[in-house]
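One structure is given here, and the rest of the page talks about it.
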Amino acid sequence: MWNFVQQHWRDGVEIVILAALAYHGYLFLRATRGARILTGLLVLLLSLTIISDFLNLEVITWLMGRLSVFLAIGLVVIFQPELRRMLAELGSQRLFQLSRTDDESLNRLIESMVELSHKRVGALIALKRGIDLKPFAETGVEIDAKISSELLNTIFHPKTPLHDGGIIVDQGLITAAGCVFPVSQREVRDRAVGLRHRAAMGITEETDAIALVVSEETGALSICFKGKLAHDLEPEALREKLDRILTGGTDDDEERDDNTRELGA
């Protein structure tokens, strides 16, 4: 037994590594539009392989061998959003997180969100962490002002030019407003989730930012991180989840929370 372990321990390590990569790849790709394409391709290739081997169809076998390189390139193009998200995830660990919004600013932010909620005014807020959000800030208007209830109410008021976009917060300052965030392509089962929530999911899929949302229709408060949306939260629960994320917690109780919906799972 010991000799067998000495001879084949590398094989076990390779299996563990490949299994881990396959599992995390599944977590990133599940419930995306690209996942359906991949499933269709796998079914097609598997069917052609079985048929060509069973009937000894040499031409189809030759074509599949020659087209494998082009297929690999095509998969990179198809899964480009998922690959970007995966690389962003690798760069979003605490080692690379350099910015943090202070507690006083966070308190003012939550209080402002509650006030907007009572007025049924929609809002979308992205909190910058390690990954630079400058490309998204450039789509909006530079603000560079401290967080205040008056300013947020002005920005998100339905009659103002900037109310449709999102704002970016960096170290307690609103750096830009009216920003355009990428919309998540994940399938959404909850019909109550609107475009703001999809944009919150999109910005957190492509970066390590934290997104906060106030629903215009219901006034519900939501938080989104790594593409996972915790919807319709009380202010205290919202602040607890925000603190847990900022302190490096995994927020493992999300899946047990009735208000949490991992969209596309």
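A short reminder: the numbers here are calculations on the coordinates, not readings from a lab. Since this is a predicted model, take the numbers as computed values, not measurements. Positions of Cβ are generated from backbone atoms using ideal geometry, with glycine treated the same way; all protein chains shown enter the neighbour counts.
Some observations on this one:
- Which listed pairs, of K128/K241; K134/K226; K119/K241; K159/K241, have C-alpha distances above 26 Å, in listed order: K159/K241
- FRET efficiency, 1/(1 + (r/R0)^6) with R0 35 Å, evaluated for S149 and A20 via beta carbons: 0.15
- Mean silhouette area of segment 138-215, derived from the convex hull of its C-alpha atoms and averaged over all directions, reads 5.5 nm².
- When the convex hull of its Cα atoms is viewed from all sides, segment 95-261 shows a mean projected area of 8.8 nm².
- The ellipsoid equivalent to the alpha-carbon distribution of segment 96-177 has semi-axes of 20, 16, 9 angstrom, derived from the gyration tensor eigenvalues as √(5λ) and listed largest first.
- Residue order for C179, C224, fewest other beta carbons within 10 angstrom first, comes to C179, C224.
- Packing order of peptides 51-62, 149-160, highest average first: 149-160, 51-62 (average count of other Cβ atoms within 10 Å over each peptide's residues).
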